[in-house]
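Here the structure comes first, spelled out in structure tokens, and everything after it is commentary.
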Amino acid sequence: MTMRGVNILRTTPLSSFNFNTKPISSNHLTFLFNPQFTISIRHTKRGFCSTRIVAMASPGSAQKSDEEWRAVLSPEQFRILRQKGTEYPGTGEYDKLFQEGVYSCAGCGTPLYKSTTKFNSGCGWPAFFEGLPGAINRHPDPDGRRIEITCAACGGHLGHVFKGEGFPTPTDERHCVNSISLKFKPADS
Ligand SMILES: [Zn+2]
């Protein structure tokens, strides 16, 4: 496809993308292809020109067999990410962490949550009121009581999302995520 002089070769149909544009400075626009590609376009006197295309994991691109996952994950990561386990409350390394940075999937490295959306729920697991656009899939449990959340890229189990609990957050949603499903990267690193 061609967009303002940017040629993008890929195999996934364009229709699978959600476009979000946001200015990151007076002369830059970043197009987030939800979340497969980030394209930074620099505005010059001659018009728009492409400066950088960063390919990220596309949905399903990080699929592996159980055998392959066992080779790269710890036994506890495998139990939670691939077998939908739950870590014991209050034990996760990120439960009480409120440092600035980004939380990515511990399985495939796709960015999932910004620290600015993390809040202290007091429930014993890291809580976020919002995920990064398109990074997280939702699946109602078979009994309809809870909604499972997974990494959109690799399908790794993150936890569950709850709505309407009354937390004073912009979405009134609580993404209750196992610390072990996440990998935190501080903003200043
Ligand atoms: Zn993942």
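The values are calculated or read from the model by the stated rules, or taken from the named source; none is laboratory data. Keep in mind the model is a prediction, meaning the values are calculated, not measured. Cβ atoms come from the backbone with ideal geometry, glycine included; neighbour counts cover every protein chain shown.
The condition (being over 12 Å from the mean Cα position of the chain (by Cα) and modelled with pLDDT under 95) is satisfied by just one residue among ASP141, ASP95: ASP141.
Would you say GLY164 is in contact with a Ser or Thr (Cβ under 6 Å, 6 or more places away or on another chain), on the phi > 0 side of the Ramachandran plot and more than 16 Å from the ligand (Cβ to nearest atom)? No: the conditions fail for GLY164.
Across the stretch 136-160, which residue is farthest from VAL72 (Cα to Cα) among those that are more than 9 Å from the ligand (Cβ to nearest atom) and of a type in the set (A, V, I, L, M, F, W, C)? For the stretch 136-160, the residue satisfying everything is ILE147. The set of residues in the stretch 159-189 that are in contact (Cβ under 8 Å) with a residue 60 or more places away in the chain, touching a strand residue (DSSP E or B) at 6+ places or on another chain (Cβ under 6 Å) and of a type in the set (A, V, I, L, M, F, W, C) comprises VAL177, LEU182, PHE184, ALA187. Here the stretch 49-92 is the region considered, the condition is being among the hydroxyl-bearing types (Ser, Thr, Tyr) and under 16 Å from the mean Cα position of the chain (by Cα), and the residue that is modelled with the highest pLDDT is SER61.
Considering only residues in the stretch 126-135 that are in contact with a strand residue (DSSP E or B) (Cβ under 7 Å, 6 or more places away or on another chain) and among the small types (Gly, Ala, Ser), the one that is nearest to the ligand (Cβ to nearest atom) turns out to be ALA135. The residue of the stretch 155-185 that is nearest to THR91 (Cα to Cα), among those that are among the polar types (S, T, N, Q) and in contact with a helix residue (DSSP H, G or I) (Cβ under 9 Å, 6 or more places away or on another chain), is ASN178. Scanning the stretch 108-125 for residues that are within 18 Å of HIS160 (Cβ to Cβ) and within 16 Å of the ligand (Cβ to nearest atom) yields LEU112, TYR113.
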